[in-house]
1. To the nearest 10 degrees, how steeply does helix B:169-186 sit against the main Cα axis of chain B, on a 0 to 90 scale?
2. Positive end of the dipole of the stretch A:38-250, charges at C-beta (+1 Lys, Arg; -1 Asp, Glu), about the Cα centre: which of A:G234, A:L194, A:M121 has its Cα farthest in that direction?
3. Please get the size of the charge dipole for the protein assembly as shown, origin at its Cα centre, with Cβ charges of +1 on Lys and Arg and -1 on Asp and Glu, quoted in debye to the nearest 20.
4. Angle check, please: helix A:2-32 long axis (alpha carbons) against the longest principal axis of chain A (alpha carbons), in degrees 0 to 90, nearest 10.
5. If I model a spin label as a point 7 Å beyond the Cα along the Cα-Cβ vector, how far apart are those points for B:S138 and A:V11 in nm?
6. So in the protein assembly as shown, what percent of DSSP beta bridges are antiparallel if you round to the nearest 5?
7. Angle, helix A:193-219 long axis vs. longest principal axis of chain A, Cα atoms, 0 to 90°, nearest 10?
8. Compute the Cα gyration tensor for the stretch B:144-248, then decide on rounded, prolate or oblate, letting a ≥ b ≥ c be the square roots of its eigenvalues: rounded whenever a/c is under 1.5, prolate when a/b is larger than b/c in the other cases, and oblate in all that remain.
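Just so it is clear, none of the values below were taken in a lab; they were calculated from the coordinates. Predicted, not measured: the structure shown is a model, and the values here were computed from it. All Cβ positions, glycine included, derive from the backbone under ideal geometry; neighbour counts span all protein chains shown.
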Amino acid sequence: MRFLAVIGALVLGRLAALGRLMRFAGETLSHLVRPPFYGREIGFALLNVGYFSLPVVGLTALFTGGALALQIYAGGARFSAEAVVPQIVAIGMVRELGPVLVGLMIAARVTSSIAAEIATMKVTEQIDALVTLSTNPMKYLTMPRVLAGTLVMPVLVGIGDVIGIFGGYLVATRSLGFNGATYLRNTVDFLEPLDIMSSLTKGAVFGFIATLMGCYYGMRSDRGAMGVGRATKGSVVAAAVVILAANFVLTEAFFSA
Amino acid sequence: MIELRDVHKTFGSNQVLRGVNLTIPSGQNTVVIGGSGTGKSVLLKCILGLVTPDQGVITVDGTKVTEAPRDAFLSRFGMLFQGGALFDSLPVWQNVAFRLLRGPLKRPRDEAKEIAIAKLRRVGLSPDVAERLPAELSGGMQKRVSLARAIAAEPEIIFFDEPTTGLDPIMSGVINDLIREIVTEMGVTAMTITHDMTSVRAIADRVAMLHGGKIRWTGPLSEMDAATDPYVDQFIHGRAQGPIETLR
Ligand SMILES: Nc1ncnc2c1ncn2[C@@H]1O[C@H](COP(=O)(O)OP(=O)(O)O)[C@@H](O)[C@H]1O
Ligand SMILES: [Mg+2]
């Protein structure tokens, strides 16, 4: 019986946490339609989440696309299907690896920095100071970051998809003996609008999750340096897990018919 | 006038406020003294609604703080936080002019900057710190920037949480004069927290001592020295012996 009580308490605790997160998300969204809007903050967030993430996204996609081409070639060779490299690289990058890897890299780069920054502001009473200066911290800190994440991630994922395919192209044409023009034609012919739609939708959802988790954990940080550390760690773990779970749900929604 | 009636606040198992009753009259400076960790900062935050009391009622000019419209309510206040609480992503002048750059009190940028520089001068800082980031300043300078921010929008009610802690004696004197000036000239209602008895004598109209989660003694400054309460006596004379435990 004790065992059941422990499980029960755990489940109730999780549900309460989920409820808090949902309320936080709802409040964030409500600020999207309630002025004033802090344009400068939104601009900075767009730069930070989007532009400065480009190098990380590009390198991740390039190496992954290249490795994918090698694996598909080696695997395909077992039943003499080496020729499918362009098609499978394209579908693998665009449908799954592009959005997921970019999402995880953003969780590492952006979620962590948002959580640490907001948690530090909380710990040093800067959030309290914002309130006393008649500025709503959810509107001033959370909304710009979440909006920027949701808007800019589809762009990052699109760029990641293209660079990933290019990585596959490089490996295929340089060391696997593919013809460049044929490779590209096969890629373009094979991809369907739905593949691209799903990729960009995943991007928007993952961007929302990554930035929301950073803000949520930051705002709920405990006091002291330990509090900031815990908030940062918690935010990245939560963002990564929720992104992977959401990816499964979205893949199911888009492609299992 | 600010009134606190039977205010209680507990964090986990830590009972910080256990029934605070206090009246802060308008146009005067009420100084709250008490050992560190007795809940003085928490008391200020309760009035501002940054901390929600577990029990009790707080009113400002007869309106319960929980029922007042938030924006209008907060725009009457200025607050100097104990740790400064400057926004470290913004240069000093934008910290000082924060309220003047956005929201209902928004002004043109140039004008806001001019006001910020004037306020910085009032707290003894030269205009060249305006463009610096808070992290580039010493602790005492940060405190003064924070003080400038608290007075920038000329609020009716100002809370100073340890305004002179960490300042040298001369700068403390400057800040004490400034606080005195703000209260007498501008008719501001102020509540100041301090440990510094020199400062108490320089700036207080009324004194309240917080101990054990309650207001132990309150009265005009002129009666403080004659107070027979042993806690007040020990505190204002800084004696190691007395009813206040030194092991905390
Ligand atoms: N947000 C909080 N969460 C938990 N404990 C707190 C919080 N704020 C203050 N406390 C505790 O309340 C007590 C009083 O704190 P404070 O008001 O800062 O003291 P002081 O009188 O020195 O200003 C301390 O024990 C502090 O640890
Ligand atoms: Mg304090």
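1. Relative to chain B, helix B:169-186 is tipped by roughly 90 degrees.
2. A:M121
3. On the way: 47 positive and 41 negative charges, 152 e Å.
In debye, rounded to 20, the protein assembly as shown gives about 740.
4. Between helix and principal axis, roughly 90 degrees.
5. The two pseudo-label positions are separated by 6.1 nm.
6. Numbers: 21 of 38 bridges.
Close to 55 percent.
7. With rounding to tens, the tilt is 30 degrees.
8. Working: a/c = 2.08, a/b = 1.73, b/c = 1.20.
Judged from the Cα gyration tensor, the stretch B:144-248 comes out prolate (a/c at least 1.5, a/b above b/c).
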